[in-house]
Amino acid sequence: MKPSFRHRPLDWGRANLFSSPANSLLTVLALALLWQLAPPLVGWGVLRASWGAGDPETCRQAGGACWTLLTEKHRLMLFGVYPYEQHWRPLLAMALFVALLATSANRRFWRPWLAALWLLTVLGIGILMWGGVLGLVPVETAQWGGLPLTLVIAVLAIAMAFPFSILLALGRRSDLPAIKALSVGYIELVRGVPLVSVLFMASVMFPLFLPEGVTIDKALRALVGMTLFTAAYLAEAVRGGLQAIPRGQFEAADVLGLSYWQAMRLIILPQALRLVIPPIVNQFITCFKDTSLVTIVGLYDLLAATKAALNDPGWRPFFVEGYLAAALVYFCFCFFMSRYSQWLERELNRDRR
Amino acid sequence: MAAPIVELCDVNKWFGAFHVLKDITLEVAKGEKVVVCGPSGSGKSTMIRCINRLEEHQSGRIVVDGVELADDIKAIDAVRRRVGMVFQSFNLFPHLTVLENLTLAPVRVAGMAPRDAEATAMALLERVRIPEQAGKFPGQLSGGQQQRVAIARALCLKPAVMLFDEPTSALDPEMVGEVLDVMSGLAAEGMTMICVTHEMGFARAVADTMVFMDEGRIVEIAPPARFFDHPANERTKRFLGKIIGH
Amino acid sequence: MTGGRASIWGSTRFRGLVYQVLVVAVVVALGGWLVHNTLVNLEVRGIATGFGFLEREAGFGISENLISYTPADSYARALTVGLLNTLVVSAIGIVLATLLGTVLGVARLSGNWLVGRLASVYVEAVRNVPLLLQLFVWYGVLTALPGARQALHPLPGLYLSNRGLVIPSLDWSQGWLPVLEIPSLVGFNFVGGLTLSPEFAALLAGLTIYTAAFIAEIVRAGILAVPKGQTEAALSLGLSPGQILRLVVLPQALRVIVPPLTSQYLNICKNSPLAIAIGYPDLVAVSNTAINQTGQAVEGVTVVMVVFLALSLALSGLMNWYNKRVALVSR
């Protein structure tokens, strides 16, 4: 019996769209919804849209989406108030960064040298952004902005929070009551309060905490706030991994005479951290999205730079286009990272048989 | 016989309100093979786990090779260097290769040169008859192979005493033999061994002394011939009847 | 023998104690140093300390208040107004997000391909874009709406204009039973009904739409966690698909769903301070105004943190109690 190929789409439709009266009704409703939404969207976004260079007036006359905004303002949105003729530097920094991420995504490269590569690349990005050496014009962090700032804060916050979170997670599992209490207290306190408050605290209170006369940079304050906040959440992810390690592993390490720190470094953490890579990637996604909150304490990240681009009264009516573009950037990063994390989880599970 | 290498004297232990070990007194001489048996929950595992302080006893004395176990890190380290342990669930480190599992403690704890540690490890793998698996990860081996690797790992620090905590209970029946063979070989070489096991054939062939435990007490200590053929205690008889009966 | 040199340093308990004392000492020293610096800085800047300011007159207006409030009221009352605003938007957000999220989660698993796809697109699009960005969009859309005269009127009793969202309300003043009050447009104004400000509506929409995407994933995972055998057993008993979902699958899925759902509810509360970016006067916004006026940052931030910690504890307590009720009894 040869199944008739021509009937397959029909069979598929019957099975997946019209299997029961209720199902058929749902399909019809969904189609009606699409019918209502799709034509106006296409009309706005494509047919009546204005493209290329121009000014707000051309957009207003066209009556559709104003992609002209992006042509005119994309440099401001992407790089904020970074000196215009120096934009190649943040651009190169981002390229380096994406290359670094792509390299790290490959499991074959999970070797000690990768950590060194991270350190080098971050250093390289720092030199590129700051300048002041190698004939690069110095650029203060106050002028950093746009996507590079978002990336720098997200990556550094995760990277710095990571070692701290391991200590917190170990502390939470410790037999020593005072150390356990301190870790639990920190983790629960931070997880109980909103990030906005932590960032406010960082921007308002850090200057008070430091000895008189010592000031720290606004971007650095936000970074410290993000780090302290992220560490508490990461610690819980790491704890999950530690809990998944059977007690026999601890005992076997004990019996062989390994010290606590040797057992952790050589036996427990290598296994636990491998387990928690997917949740760590997810935490990174959250951190990446959360970076948008630095807008509130006055930094020009991607979102704030977009908002600044829309401050121009002429362009203001076209805020949807601007935010859509920024959303697309965030979406690309987050979506691919979350897909990667899901894939990785499956891979790691398969390895464990 | 000479002075005992392992000595337990009036050892008591509680888990909360539960009295797991009651006045345990046991002496093991150098080279002696002791098999501990008894129903589940009788405290046999807890007893041998006290010998290398995986569990802490609350009263009584435990002396291993002249070192008394107390709340003293040096003493605990010294005892653990002299005592090897094999677990029911192998507890190999899954992220390290077989060879790395074996060289870890010699290099990191005993400060041996990696090259020497590898040579020792390969010799031990020969002895447990799986040198060809040195580069594999534990997850790629069968249960019997893993347990043999675990025995080799425990031997790496050249222990004076080996503890076995139900080493064959987690194995498929067809793999039990290969592990017992390795253990018999070890016994023949004169190793001091304390085994918790239900393998009565092995016990009869290898043991110098049988220890029967029930409800946290040592009920009977006897040489295997007398233990199996003329058990003195009623509870021993009943236990043997149950496990040898079928 | 262990010998007489078994120093006290060899004891694991003693070492543990020493480590703990050291760590606590370091933490206390660091804390003390920070407190000292703060006190010095405050003195140099001439900023008062203590919670005395709570009694003083706030002197600023708050655009939305559930309890009566004027600028002549105290800071304490201003903060209470902010807290109530936070609670209201979080509570309504929790209810709406749960409803929308459950529908989406079930839709993602639906046998209907088109519906499943639409739900997936929603979830992926919404949860991969920062909430703050979404808030800006909703707020922008709401304030760009036409004025009251040209208000959008998508459903009877529902008006959307740049003054916000007008919805029907219940009037309890007419006696025993509440009377449904349908708003209507008279001249430039709406008569009857309940008017939600654009700020409130945008925040509520943002929180609901964003969190629903996460709740949908939780619901889906919970349903998937129920073994297939359960559905098969129910089918063999002759239950209908609707009955299976309602009587067999959902009650079991709830056990898996409740703990992560709790953290999503907490997230709604903790995300509500984003209100500050669009000008809704929640607790954090009010406390920020207070901090700006008095300079008492430490106290202002403390109030906010204490309130949110209390909120977290209360909500997790409630959900733990509920979780115990739905937990399976075994052994």
(message) Can you tell me how many residues within the range B:105-147 are over 22 Å from B:Glu166 (Cβ atoms), touching a residue at least 40 places away in the same chain (Cβ under 8 Å) and open to solvent by less than 60 Å² (accessible area, probe 1.4 Å)?
(response) 4
(request) Select from the range A:186-216 the residues that are outside any loop (DSSP other than H, G, I, E, B), of a type in the set (Val, Ile, Thr) and open to solvent by 40 Å² or more (accessible area, probe 1.4 Å) and list them in ascending order. (result) A:Val204
(message) Cβ contacts < 8 Å: first residue in contact (Cβ under 8 Å) with a residue 60 or more places away in the chain, restricted to the range A:91-105; second residue in a helix (DSSP H, G or I) and open to solvent by less than 40 Å² (accessible area, probe 1.4 Å), any location; separation 6+ or different chain. Result?
(response) none
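Could you say which residue among B:Ala222, B:Ala232, B:Ala188 is free of Cβ contacts under 8 Å to residues at least 12 places away in the same chain and either buried (at least 17 other Cβ atoms within 10 Å of the Cβ) or not charged (D, E, K, R) (or both)?
Values: B:Ala222 fails: free of Cβ contacts under 8 Å to residues at least 12 places away in the same chain; B:Ala232 fails: free of Cβ contacts under 8 Å to residues at least 12 places away in the same chain.
Unique residue meeting the criteria: B:Ala188.
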(message) Condition (residue is among the hydrophobic types (A, V, I, L, M, F, W, C) and more than 20 Å from the chain's Cα centre (by Cα)) applied to the range A:150-163: is it met by at least one residue?
(response) no
(message) I'd like the full set of residues that are in a helix (DSSP H, G or I), more than 8 Å from chain C (Cβ to nearest Cβ) and aliphatic (A, V, I, L, M), limited to the range A:286-311.
(response) A:Val294, A:Val297, A:Leu302, A:Ala304, A:Ala305, A:Ala308, A:Ala309
(message) Checking B:His198 against (1) open to solvent by 60 Å² or more (accessible area, probe 1.4 Å); (2) in contact with a Leu (Cβ under 9 Å, 6 or more places away or on another chain): exactly one of these is not met. Which one?
(response) (2)
(message) Anything in the range C:94-119 that is within 12 Å of chain A (Cβ to nearest Cβ) and farther than 26 Å from C:Leu315 by Cβ? List them, or say none.
(response) C:Ala107, C:Ser110, C:Gly111, C:Asn112, C:Trp113, C:Leu114, C:Val115, C:Gly116, C:Arg117, C:Leu118, C:Ala119
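When the residues of the range C:61-75 are filtered to those that are under 22 Å from the mean Cα position of the chain (by Cα) and surrounded by fewer than 18 Cβ atoms within 10 Å (Cβ to Cβ), which remaining residue is nearest to C:Ala285 (Cα to Cα)? Before the answer, list the steps.
From the range C:61-75, those under 22 Å from the mean Cα position of the chain (by Cα) are C:62-67; that's our starting set.
Now restrict to residues that are surrounded by fewer than 18 Cβ atoms within 10 Å (Cβ to Cβ): C:63, C:66-67.
Values: C:Ser63: 12, C:Leu66: 16, C:Ile67: 17 Å.
Filtering first and then ranking leaves C:Ser63.
Residue-wise test of (1) crowded, with 21+ Cβ neighbours inside 10 Å; (2) assigned to a helix (DSSP H, G or I); (3) among the aromatic types (Phe, Trp, Tyr); (4) within 14 Å of chain A (Cβ to nearest Cβ).
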site	(1), (2), (3), (4)
C:Ala125	no, yes, no, yes
C:Val129	yes, no, no, yes
C:Leu133	yes, yes, no, yes
C:Phe136	yes, yes, yes, yes
C:Val141	no, yes, no, yes
C:Leu145	no, no, no, yes
C:Arg149	no, yes, no, no
C:Pro156	no, no, no, no
C:Leu165	yes, no, no, no
(message) When the residues of the range C:213-255 are narrowed to those that are among the aliphatic types (A, V, I, L, M) and under 21 Å from the mean Cα position of the chain (by Cα), which ends up nearest to A:Thr286 (Cα to Cα)?
(response) C:Ala213
(request) Kindly indicate which of B:Phe239, B:Phe227 is touching a Leu at 6+ places or on another chain (Cβ under 9 Å) and closer than 26 Å to B:Lys22 by Cβ. (result) B:Phe227
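Limited to the range C:279-303, what total is found for residues that are within 11 Å of C:Phe53 (Cβ to Cβ) and of a type outside the set (S, T, N, Q)? Before the answer, list the steps.
As a first pass, look at the range C:279-303 and keep what is within 11 Å of C:Phe53 (Cβ to Cβ): C:290-291, C:293-296, C:299-300, C:303.
Applying the additional criterion that residues be of a type outside the set (S, T, N, Q) yields C:290-291, C:295, C:299-300, C:303.
Number satisfying all stated conditions: 6.
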(request) May I ask you to verify whether B:Met47 is buried (at least 19 other Cβ atoms within 10 Å of the Cβ) and either away from chain A (no Cβ under 14 Å) or among the small types (Gly, Ala, Ser) (or both)? (result) yes
(message) Looking at A:Leu26 and the list (1) in contact with a strand residue (DSSP E or B) (Cβ under 9 Å, 6 or more places away or on another chain); (2) within 12 Å of chain C (Cβ to nearest Cβ), which single condition is not satisfied?
(response) (1)
(message) It is to be established whether one or more residues within the range A:178-185 are open to solvent by less than 40 Å² (accessible area, probe 1.4 Å), outside any helix (DSSP H, G or I), without any contact (Cβ under 8 Å) to a residue 24 or more places away in the chain and under 14 Å from C:Gln20 (Cα atoms).
(response) no
(request) Count, please, the residues in the range A:296-317 that happen to be open to solvent by less than 20 Å² (accessible area, probe 1.4 Å) and aromatic (Phe, Trp, Tyr). (result) 1
(request) Tell me the helices (runs of 4 or more DSSP H) entirely within the range C:227-331 that contain at least 3 residues that are surrounded by 21 or more Cβ atoms within 10 Å (Cβ to Cβ). (result) C:250-271, C:283-294, C:297-326
(request) For B:Gly16, state whether it is more than 13 Å from the chain's Cα centre (by Cα), open to solvent by 40 Å² or more (accessible area, probe 1.4 Å) and at positive phi. (result) yes
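The rows are residues; the columns are (1) over 27 Å from A:Thr227 (Cα atoms); (2) touching a Gly at 6+ places or on another chain (Cβ under 8 Å); (3) more than 9 Å from chain C (Cβ to nearest Cβ); (4) assigned to a helix (DSSP H, G or I).
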{"residue": "A:Phe250", "(1), (2), (3), (4)": "yes, no, yes, yes"}
{"residue": "A:Pro279", "(1), (2), (3), (4)": "no, yes, yes, yes"}
{"residue": "A:Phe284", "(1), (2), (3), (4)": "no, no, yes, yes"}
{"residue": "A:Pro313", "(1), (2), (3), (4)": "yes, no, yes, no"}
{"residue": "A:Val320", "(1), (2), (3), (4)": "yes, yes, no, yes"}
{"residue": "A:Ala326", "(1), (2), (3), (4)": "no, no, no, yes"}
{"residue": "A:Ser338", "(1), (2), (3), (4)": "no, no, no, yes"}
(request) Among residues belonging to the range A:125-141 that are in a helix (DSSP H, G or I) and touching a helix residue (DSSP H, G or I) at 6+ places or on another chain (Cβ under 7 Å), point out the one that is farthest from A:Arg89 (Cα to Cα). (result) A:Thr141
(message) Which numbered condition in (1) crowded, with 17+ Cβ neighbours inside 10 Å; (2) farther than 24 Å from C:Leu274 by Cβ is the only one that A:Val98 fails?
(response) (1)
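In the set A:Gly241, A:Gly171, A:Gly225, which member is within 14 Å of chain B (Cβ to nearest Cβ), open to solvent by less than 10 Å² (accessible area, probe 1.4 Å) and in a helix (DSSP H, G or I)? Before you say what the answer is, go through the steps one by one.
Details: A:Gly171 fails: within 14 Å of chain B (Cβ to nearest Cβ); A:Gly225 fails: within 14 Å of chain B (Cβ to nearest Cβ).
Of A:Gly241, A:Gly171, A:Gly225, the one residue that is within 14 Å of chain B (Cβ to nearest Cβ), open to solvent by less than 10 Å² (accessible area, probe 1.4 Å) and in a helix (DSSP H, G or I) is A:Gly241.
Return yes or no: is B:Thr25 in contact with a helix residue (DSSP H, G or I) (Cβ under 8 Å, 6 or more places away or on another chain), β-branched (Val, Ile, Thr) and touching a residue at least 40 places away in the same chain (Cβ under 8 Å)? Break it down into steps so the answer makes sense when it comes.
On the way: in contact with a helix residue (DSSP H, G or I) (Cβ under 8 Å, 6 or more places away or on another chain): no; β-branched (Val, Ile, Thr): yes; touching a residue at least 40 places away in the same chain (Cβ under 8 Å): yes.
No; evaluated as a whole, the condition is false for this residue.
Residues being of a type in the set (Val, Ile, Thr) and crowded, with 20+ Cβ neighbours inside 10 Å: count how many of those fall in the range C:181-208. Reasoning before the result, please.
Within the range C:181-208, the first condition is being of a type in the set (Val, Ile, Thr), and the residues that meet it are C:182, C:186, C:191, C:195, C:208.
If we keep only those that are crowded, with 20+ Cβ neighbours inside 10 Å too, we end up with C:208.
Residues that pass the stated criteria total 1.
The values are calculated or read from the model by the stated rules, or taken from the named source; none is laboratory data. Since this is a predicted model, take the numbers as computed values, not measurements. So basically every Cβ, Gly included, is an ideal-geometry build from the backbone, and we count neighbours across all protein chains shown. For the accessible areas, the whole protein counts, side chains as well, though only heavy atoms, and no ligand, DNA or RNA atoms are used. Shrake-Rupley method; radii C 1.70, N 1.55, O 1.52, S 1.80 Å.
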